[in-house]
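These notes concern the structure reproduced below.
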Amino acid sequence: MTDTNSKELILPIAGMQSEHCALTVDQTLAAQAGVTAHRVELNNNRAVLTVNSGKFDLAKAVEAIKGVGYEVPTTIKTFPVTGLSCASCALSVESMLGAQRGVTHAAVNFAASSALVTYVPGAASTTDFKAAIQAIGYDLLVDEDEATEDIQQELHRKKYGQLRRNTIWAGVLALPVALLSMVFTHLPYRTWIMMLLALPVVFYFGRTFFVNAYKQARHGKANMDTLVALSTGISFLFSAFNTLFPQFWEQRGLEAHVYFEASAVIIFFILLGRLLEERAKANTSSAIKKLIGLQPKTVLVIGPDGKEEEMSISRVEVGYTLLVRPGDRIPVDGEVISGSSFVDESMISGEPIPVEKSEGLKVFAGTINQKGSFRFRAEKVGANTILAQIIKTVEEAQGSKAPVQKLVDKVAGIFVPVVISISLLSFGLWMAFGGANSLTHALLAMATVLVIACPCALGLATPTAIMVAVGRGAQHGILIKDAESLEVAHKVNAIILDKTGTITEGKPLVAGMLFGQNSNEAHLRQVMLAMESQSEHPLAEAIVDHLRKELTEPVELQTIENRAGEGIVALYNNHRYLIGNGRMMKNNQVEEDAALKAEVEKLEEQAQTIVFMAEDNRMVAVASIADRVKPTSAKAIAELKQLGIEVYMFTGDNHQTAAAIAQQVGIGHFKAEALPADKAQFVKELQLLGKVVAMVGDGINDSQALATANIGIAMGKGSDIAIDVAKMTIISSDLMLIVQAIALSKKTVKIIRQNLFWAFIYNVIGIPIAAGILFPFTGFLLNPMIAGAAMAMSSVSVVSNSLRLRKG
C-alpha cells in the first residue's frame, strides 16, 4: 500500500569539501526521526531524503546538520497576500504557511498585507504555498517557482571562487619560501622571512584543512585533511620554535632546522588539486543548467475564444491548447491538433533529420519546430515531460556518482593514528629510558617522526600523474575532466556506442544520383537545384549542398508548390516536374523506370533514403541520401573487441537503418528506436551484471546514459550538454581515440600505483628510524635534516616517475 505521508525532500548543503564530509552529513540525517531513505550528493552539494512527513522535523534536521559543522542555506522572501480583512485572517495565513513543508519560519503583516517566509529551497515550493493559502480563501502572489538549481549554482560559484583565491595566494607566497629554502640559503633573516610568508599560507589559505580535520576528529575519524593539517601544522610550529628559540638546540650541540617550505608548498599543491576537481564539478552543473534552458519560459496559449495569450510555462495545465511558431522550442509534451511542420527531435532520437508533424502526432518539450506552425494540446507538463525526466535522471546520476573514496583517504584513516601513536610512543620511551638527555631526544624523535610523515609525495602522487596524463591526452585530442575517469577507463569491459554522430558522420549527405535512360542529366540537375532550393524539407539541404559543389546553376522556374507530406511540384518550359517521396510518385501515377526501380530496391536495403524526380509523370532520376559511416569506425570497433570489450550500438533510428550500420561496422548487439531512458536503463542492466560500462555519444538524447555510465565519453562535434555531462571528450570524433584513451588510462593507473608505493616506502622505512628504533643497537638517531631530505627525495621520485607518461 502506498504511504501517503512519504515525501521526497532536497536539502542544499554548504561547506562539504570531501566524501568524508558527505558521509558525516549522511550519518547525521540517518539519525533523524522520520527519515526512511537518504543520500548525500557531494557533486550537487545537496541531500536527497525520503521522509515520513508525520514524523520528520525539518527544523531539527537543519539544526543537526549545523551541529556537525555544515550549513543548509535558506531563502527569506516576502510575498504579497490578498484577501486579508482582519488580524485573525493574518494569523490563519501565518499558521498555514508555517505548516508547509520546508518552511522554518513564517510571519504575516496584516497592515502591509505581506508574508515573510523563511524556507529551504528544494524542500519547499512557492507553488505549494500559493495552493495552501488559496485553499483557506486567500491568495499569495508568487513569482516563478523557486529554482533550487540557482541555489546550487551559487554554492558552486562561491566555493570555486574562494578556492581559486586561496590557491593563487598560496602559490604566490609559497614560491618565495621554496626559493629561500633551496636557492638563497645564506640570505640574512631568511628563516624569519620564510616564517612570515608561510604563516598565512598554512593558517589562512589552508585553514579549511584544519577545520575539516577538527570536524573529523570530533567523530573519531581521520582523512587526508587530517594528515595535511597535522603534518603542515607540526612542520610550521616546529620550524617557528626553532626560529624563535634556536638556542634550545644549539645549546645541546644541534642545529635548529626549519621546514617552512614543506608546509607552504604542500598546502599549495593540495589546494591546486582541489581547484581542478571543483572546476570539473562546475561543468557538471552547467550541463543541468543548459538542459533546463531547453524549455522556454513562456508559451502562447489559445483560449476558448480563440485569443492568444502569452503566459508563464509554470501556469500551463494539461488540456491547454498551445501555438508553436517557426523556430520555437516546444514547451511541453502534447499532441498536434492542427497545422503541420517539421520538428528537430534530435535531443530525443539523436537523428539529425527533422520529423514531420501533423494532426494526431506527438510532440515533446525541448524539441525545435522548424519552418511551419501548428497548434497542439498539452498532455504532460512540469515534471512529467520527457525533458524533465532527462534532467532528473542526469542530476541523480551525477549526484550518485561521487568519486570513489580515494586510496590516500583510506590509508590516511589508518596512517594518521599510527603516526601519532608512534610519535607519542617514541616520546614516552625516550623520556623513560633516554638518560640524561631524555627530554631533548624525546622532543627530537617526536618532531622527526611527524616531519618525515609529511605527505609531500602522497599529495603529489596522484595529481602529478593525472596532470601529465591529461596533457598527454590533450595532445592526441582526448580531453579528460578528472582523475576518476582515468582510473575507470582501463577497467571498461562493455561499451555502448550511439549510432548517429558517433559511428556515423551524423549528417545526411547525398550518397549518389541516378538518372533514367535518355535523360538530360545536366538539365535535370539544374531543375532539381532550382526546386530543392525553395523546398522546406530537411533533406533538400543535402541535395542543394551536393549540387552546388558540382557548380550546377539553377534554372528560373515558372511556378513552384510545396505539398506537405509529399514533396514539391514546379513548372519549367511548360514541363511539369515532381520531386518527393514514393507516396507522391504513386499519387500522381508516375510511370516507373525499370532500371531505376531495381537500383532503388538495392539502396533501400542499405537503409538509404530515396528522393524521386519525375518529368511529365515519367520517373527520370533518384537521389539516395544516407548518414555515412566514419572511415575509422569499423577498425576502432574491431580493436575494442580485441581488448575483450563487449560492443553494443543503441540508436533512435529505425531497425532497418540500425541493422545496416551495425553490419557495416561489425557490431552484433544493437537496439533501434531507443529512447533516451532506454539507453540509460541498458547501462544500468549491464552494471547489474557486474560490467564496467562506457557510453559514447554526442547528443542531448545520450546525456542520461552518459551520466549513468561508469564513464561517459562525448564526441567533440556533439552537443554542449553531452560534452558537459561526459567525463571524456574526443575532440576529432574519431572512435580510434577511445582505444588510445583506454591505453592511456592503463598506463596512468600503473604510474599512480608506483607513485603511491614510493610515497609510502619512505614513511615505512623512515618513521621507525626517526622514532629511534636503531638507537639501542647502533646509537643512530635520525637528524631532522635527513628526515627533510628523505621527504624531498620521495617527492622527486614521484614527480620523475609521473613524467614518464609524457613518452609513448
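Quick one: angle between helix 540-549 and the longest Cα principal axis of the chain, in degrees between 0 and 90, rounded to 10, please.
Tilt relative to the chain: about 90 degrees.
Would you please state which residues of segment 112-138 a label at Thr78 would reach in this model, taking the label point 7 Å out along Cα→Cβ and a backbone N cut-off of under 13 Å?
Under 13 Å, as judged by backbone N against the label point of Thr78, lie 112-117 of segment 112-138.
Using the alpha-carbon centroid of each, what span in Å lies between segment 486-503 and segment 173-213?
That distance is 45 Å.
Given H placed 1.01 Å from N in the peptide plane, which residues other than close sequence neighbours of His105 have an amide H under 5 Å from its amide H?
Thr118
For a quick check: with amide H placed at 1.01 Å from N, whose amide H comes under 5 Å from Leu509's, ignoring anything fewer than 5 positions away on the same chain?
Ala626, Asp627, Arg628
Starting from one equal scatterer on each C-alpha and no solvent at all, send me the Debye-based log10 I(q)/I(0) for segment 545-679 at q = 0.12, 0.13, 0.16 Å⁻¹, two decimals.
-0.67, -0.74, -0.94
Classify segment 162-236 from the C-alpha gyration tensor, please: rounded if a/c falls under 1.5, else prolate or oblate depending on whether a/b exceeds b/c.
The shape class here is prolate.
Work out, step by step, the length gained on full extension between Thr127 and Leu551: first 0.36 nm times the residue separation, then minus their alpha carbon distance; give nm to one decimal.
Details: separation 424, 0.36 × 424 = 152.64 nm, distance 5.96 nm.
Length gained between Thr127 and Leu551: 146.7 nm.
Using helices alone, I'd like the mean residue ellipticity at 222 nm for the chain: each DSSP H run of four-plus residues gives -39500 (n - 2.57), total over residue count, nearest 500.
So the helix-based figure for the chain works out to -15500 deg cm²/dmol.
Give me the percent of the accessible area of the chain that comes from carbon and sulfur atoms, probe 1.4 Å, all protein chains in place. It would help to have the intermediate numbers written out before the result.
Working: 20470 of 36350 Å².
The value for the chain is 56 percent carbon and sulfur by accessible area.
Can you tell me the FRET efficiency between Ala217 and Leu237 if r is taken as the Cβ-Cβ distance and R0 is 25 Å, rounded to the nearest 0.05?
0.90
Pulled fully out, how much extra length does the chain show between Arg563 and Asn654, if you take 0.36 nm times their separation in residues and subtract their Cα-Cα distance? Present the calculation step by step, with values, prior to reporting the outcome.
Working: separation 91, 0.36 × 91 = 32.76 nm, distance 2.48 nm.
Additional length available on full extension: 30.3 nm.
Is any residue of segment 228-266 close enough, with backbone N under 16 Å, to a label point placed 7 angstrom from the Cα of His186 along the Cα-Cβ axis, and if so, which?
Flagged as within label range: none.
Leaving out ligands and nucleic acids, note down the accessible area per residue over segment 549-632 with a 1.4 angstrom probe, in whole Å².
On the way: 4710 Å² over 84 residues.
That works out to 56 Å² for each residue.
So how far apart, in nm, are the two label points at Met431 and Gln642 if each is 7 Å from Cα heading toward Cβ?
Result: 6.7 nm between the two label points.
In segment 189-244, what chymotrypsin sites (Phe, Trp or Tyr not before Pro) fall in a loop by DSSP, with at most 14 other Cβ atoms inside 10 Å?
Listed in order of number, the matching sites are Tyr189.
Rounded to the nearest 10 degrees, what's the angle between the helix 633-642 long axis and the longest principal axis of the chain, both from Cα atoms, 0 to 90?
Its long axis makes an angle of about 40 degrees.
If each of Gln517 and His476 carries a label point 7 Å out from its Cα toward its Cβ, how far apart are those two points in nm?
Computed distance between label sites Gln517 and His476 equals 5.6 nm.
Could you state the principal axis extents of the C-alpha atoms in segment 184-228, from the largest down, to the nearest angstrom?
Extents along the principal axes, in whole Å: 45, 16, 11.
Using DSSP, restrict attention to beta bridges with both residues in the chain and report what percent are antiparallel, rounded to the nearest 5.
Here the share of antiparallel DSSP bridges comes out near 80 percent.
Around Leu9, which amide H atoms from residues at least 5 apart in sequence, or from another chain, sit under 5 Å from its own amide H, with H modelled in the peptide plane?
Excluding prolines and chain starts, which carry no amide H, the hits are Leu49, Thr50, Val51.
What FRET efficiency comes out for Leu254 versus Leu424 if R0 is 25 angstrom and r is the Cβ-Cβ distance? Round to the nearest 0.05.
Between Leu254 and Leu424 the formula returns 0.70.
Distance from the Cα centre of segment 660-715 to that of segment 518-561, in angstrom?
39
Between Lys55 and Thr632, how high is the FRET efficiency from 1/(1 + (r/R0)^6) when r is the Cβ-Cβ distance and R₀ = 56 Å? Nearest 0.05.
Given R0 = 56 Å and the Cβ-Cβ separation, E is 0.40.
Compute the angle between helix 58-67 and the longest alpha-carbon principal axis of the chain, please, reported from 0 to 90 degrees and rounded to the nearest 10.
With rounding to tens, the tilt is 40 degrees.
Tell me, what ³J(HN,Hα) does each residue in segment 668-681 have, in order and in whole Hz, if you take phi through Karplus 6.51 cos²θ - 1.76 cosθ + 1.60 with θ = phi - 60° and put x for Gly and Pro?
Those phi angles translate into x, 10, 8, 9, 9, 6, 8, 7, x, 5, 5, 5, 5, 5 Hz.
Mind ranking Arg218, Arg101 by accessible surface for me, highest first, 1.4 Å probe?
Working: Arg218 125, Arg101 100 Å².
Heavy-atom accessible area, descending, gives Arg218, Arg101.
Want the number for Ile765 to Leu439: 0.36 nm per residue separation, take away the alpha-carbon distance, what's left?
114.9 nm is the gain from fully extending Ile765 to Leu439.
Between Glu335 and Ile292, how many nm apart are label points set 7 Å from Cα along the C-beta direction?
With each label placed 7 Å out from Cα toward Cβ, I get 3.2 nm.
Taking the Cα centre of each part, how many Å lie between segment 4-76 and segment 718-750?
About 35 Å separates the Cα centre of segment 4-76 from the one of segment 718-750.
The values are calculated or read from the model by the stated rules, or taken from the named source; none is laboratory data. Note that the coordinates shown come from a computational prediction; the quantities given were computed from them, not determined experimentally. Note that we place each Cβ from the backbone using ideal geometry, even for glycine, and neighbour counts take in every protein chain shown. Surface areas here come from the heavy atoms of the whole protein model, side chains and all, with no ligands, DNA or RNA. Shrake-Rupley method; radii C 1.70, N 1.55, O 1.52, S 1.80 Å.
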